[in-house]
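Have a look at the structure below, then the notes.
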Amino acid sequence: MARLATQIKTLANNFLGLLYPEFCAACNQNLVNQEKVLCTKCLYELPRTYFHKVPGNPIEEIFWGRVLLERVTSFYFFQQGSKYRKLIHKLKYQNQPEIGIELGKHFAADLKTEAIFNEIDLIIPVPLHKKKLKMRGYNQSEMIAQGLAEILPAKLDTKSLIRKTFTQTQTKKNRYERWENIETVFEVKKPEIIEGKHILLVDDVLTTGATLEGCAQCLLKVKNVKVSIATLAFTSLQ
Ligand SMILES: [Zn+2]
């Protein structure tokens, strides 16, 4: 009986697949069986950094002398002209939050192999501007964080770190003053919730690290907090 039910379910899924075929977000081939977002080939060929296995890796160096972090890693290299370049664009601008969730899960499976990432208490996404959230309907970093939290033993926390809305006087400041001000853009809501915790701060892409640095500095003001960073992609400025 159970076997029959499974067979019917598989048939139904295959039928639905014919009606609503899903495509690989990188190469546009039809997805088959259990594949989600990426086909098996694209998932296999994804240019992963494996920086989670390398303390003192090149992306940790970006933050040296700026903010004290435990570990920094990215899932894959964001390369010019690669078929994976569209992934972040689709996640941010084409209403495909499932890309963040699925890639977050694959990323977490890699992170899980290192002890330190199993010691994370809270996963906190970089908060989005209210206006952008309204336009986009979701925070892409939160989707990645959600995928990570499904696999890692840590808890997703979307309430503790918030982005303050700009006041008129702040937007009138010149660029240097605004740079100086970056950490005041973010605020910790209830410090007692994150006190003593190891936090994994999550964003979609790491470039200069300015926003992540601002968030980390804000979190580190709370007693005994440790911060690590994980982003889906890493792109160098060159
Ligand atoms: Zn593919």
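The values are calculated or read from the model by the stated rules, or taken from the named source; none is laboratory data. What you are looking at is a predicted structure, and each value in this text was computed from that prediction instead of being measured. Note that each Cβ is placed from the backbone with ideal geometry, even for glycine, and that neighbours are counted across all protein chains shown. When the accessible area is computed, the model is the full protein with side chains, heavy atoms only, and any ligands, DNA or RNA have been set aside. Shrake-Rupley method; radii C 1.70, N 1.55, O 1.52, S 1.80 Å.
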The condition from (1) in a loop (DSSP other than H, G, I, E, B); (2) more than 16 Å from the ligand (Cβ to nearest atom); (3) among the hydroxyl-bearing types (Ser, Thr, Tyr) that residue 82 misses is numbered (2)
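Would you mention how many residues in segment 40-53 are assigned to a loop (DSSP other than H, G, I, E, B), farther than 16 Å from residue 207 by Cα and touching a strand residue (DSSP E or B) at 6+ places or on another chain (Cβ under 8 Å)?
Residues in segment 40-53 being assigned to a loop (DSSP other than H, G, I, E, B), farther than 16 Å from residue 207 by Cα and touching a strand residue (DSSP E or B) at 6+ places or on another chain (Cβ under 8 Å): 2 in total.
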Subset tally (residues that are out of contact with any Lys or Arg (no Cβ under 6 Å at 6 or more places or on another chain) and either open to solvent by 40 Å² or more (accessible area, probe 1.4 Å) or outside the structural domain of residue 153 (by TED's automatic domain parsing) (or both)) for segment 79-113
17
Any residue at all in segment 39-51 that is open to solvent by less than 30 Å² (accessible area, probe 1.4 Å), away from the ligand (no atom under 16 Å from the Cβ) and within 25 Å of residue 152 (Cβ to Cβ)?
yes
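Condition check: among the aromatic types (Phe, Trp, Tyr) and either open to solvent by 20 Å² or more (accessible area, probe 1.4 Å) or under 15 Å from the mean Cα position of the chain (by Cα) (or both). Does residue 76 satisfy that? Outline the logic, then answer.
Working: among the aromatic types (Phe, Trp, Tyr): yes; either open to solvent by 20 Å² or more (accessible area, probe 1.4 Å) or under 15 Å from the mean Cα position of the chain (by Cα) (or both): yes.
Against the criterion (among the aromatic types (Phe, Trp, Tyr) and either open to solvent by 20 Å² or more (accessible area, probe 1.4 Å) or under 15 Å from the mean Cα position of the chain (by Cα) (or both)), residue 76 qualifies.
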